[in-house]
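Notes to accompany the following structure.
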Amino acid sequence: MMDHDKRLILKTALITGVALLFLVGMVTHFTRSKTPTNPTPSVVVQKPKPLKIATYITQTGTMVAYNSVDLVARIEGFLMANKFTDGTYVKKDTVLFVIEPKPYLDKLKEAQASVVVQKASYAYSKAEYERQKRMYKQNATSLNNVEKWSAQAEQAEAEIAKAVANEDIAAINYSYTHVHAPFDGRIGRHLVDPGNLVGNGKATDLATIQQTDPIYAYFNLNELDIIKIREAAKASGFKPSDLNKIPVYVQMQNEKGFTHKGKLDFVNTGLDASMGTLEFRALLANKDNVLLPGLFVQVRIPIGPPKVELTIPDPAVQYDQAGPYVLILDKNNIVTMSRVTIGALQEGSRAISHGLKPDDKVVISGLQNAILGQQVTPIQSGTSA
């Protein structure tokens, strides 16, 4: 009886163990079959496009007013009026400030009267001198009288010159009572309110006016860029006198293209030894006053005729400490890196001088999915995923 029970217990345990093993196997099978697999990441690729690209040198520049004048009070007096609205454009010779004109007008009238008096005195002395000369010939007067009236006539003539000079000075001082715009331009805010004493012992700043049409763009080029420009100018047959024939293009920070065209106007005499750069200046028309003094702009100078180059979208170019590079796919769609030499940027397309072949598959979008050495799924630019 005991042996029968033991066999029954062993048989039951064996069956239970097999069942458990079967259940574990089934659970493992279904669990594995339901585990998701990570799909291969996708990137957008494009072959380099050949485009005709002009070669440029591009540098950051600063806009500077063509003329800038600090308007000052050159005479002493109370400021009577401001004749303009702050920050507006004014025409040449427009009266901007009036400084207590009456005292200076009175001095001008006094000087003018002095001229009249001196001219009358000279006329009398001259006439008397002529009369004395005639009387001397008739032995009716002495030589001493003739010489006396001759000296008085010369003195009276000198007094006229002195009175005229005083009149000119008085007229100039009177003209300073009305401060005019020296050119067409935009005037800043007034610095002194009417009623204040100005010009008391020193010139008082009243406002600043700037001429912005035309306008200058100043920029600096390094030694390598200077050599390129000189070689391009020489190849084009330019002479030093042809400086203003070299075109210059300007782009503001919010613009997509170099829409402002000007000409090279000035090149400094030598390089700045501390910076290794040379100062250039361009002159541009600015009729709409879009370009303002102080703006930072991109300045571009062409240094050669357009030529066909391979191009890719500019965002596809990446940079690290070693310089620019692009990500391309090999025949197995494995992500690799190619160091490139970049050229000019034209309407969003970056010229690549070296480092790419026409059939390369360049990653232009989905760069976050492109990990070096990893396989990706390429999607041709212009098609949907």
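The table below gives the values:
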read-out	value
Residue in the range 177-195 that is of a type outside the set (Asp, Glu) and within 17 Å of the chain's Cα centre (by Cα) present	no
Criterion (buried (at least 16 other Cβ atoms within 10 Å of the Cβ) and assigned to a loop (DSSP other than H, G, I, E, B)) met by exactly one of LEU291, LEU278	LEU291
Flag if ILE227 is modelled with pLDDT of 85 or more and over 18 Å from the mean Cα position of the chain (by Cα)	yes
Single residue of VAL340, VAL317, VAL363, VAL290 found to be in contact with a Leu (Cβ under 7 Å, 6 or more places away or on another chain), at negative phi, without any contact (Cβ under 8 Å) to a residue 60 or more places away in the chain and of a type in the set (A, V, I, L, M)	VAL340
Long-range neighbours under 6 Å by Cβ, at least six apart or interchain, first residue in the same structural domain as LYS162 (by TED's automatic domain parsing) within the range 109-129, second in a helix (DSSP H, G or I) and of a type in the set (S, T, N, Q)	ALA111/ASN166; SER125/GLN152; TYR129/SER150
Candidates LEU345, LEU356, filtered to the one that is within 30 Å of LEU221 (Cα to Cα), touching a residue at least 24 places away in the same chain (Cβ under 8 Å), in a loop (DSSP other than H, G, I, E, B) and of a type in the set (A, V, I, L, M)	LEU356
Candidates VAL250, VAL192, filtered to the one that is crowded, with 16+ Cβ neighbours inside 10 Å, more than 30 Å from VAL95 (Cβ to Cβ) and of a type in the set (Val, Ile, Thr)	VAL250
Members of the range 126-165 that are farther than 19 Å from GLN112 by Cα and of a type in the set (A, V, I, L, M, F, W, C)	ALA127, MET135, ALA140, LEU143, VAL146, TRP149, ALA151, ALA153
Test set (1) assigned to a strand (DSSP E or B); (2) touching a Phe, Trp or Tyr at 6+ places or on another chain (Cβ under 7 Å) - VAL248 fails condition number	(2)
Some residue of the range 154-176 being in contact (Cβ under 8 Å) with a residue 40 or more places away in the chain, of a type outside the set (A, V, I, L, M, F, W, C) and not in a helix (DSSP H, G or I)	yes
Hey, THR141 over 35 Å from the mean Cα position of the chain (by Cα), surrounded by 16 or more Cβ atoms within 10 Å (Cβ to Cβ) and without any contact (Cβ under 8 Å) to a residue 12 or more places away in the chain or not	yes
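The values are calculated or read from the model by the stated rules, or taken from the named source; none is laboratory data. Keep in mind it's a predicted model, so treat the numbers as computed, not measured. Note: ideal-geometry Cβ built from the backbone for every residue, glycine included; neighbour counts use all protein chains shown.
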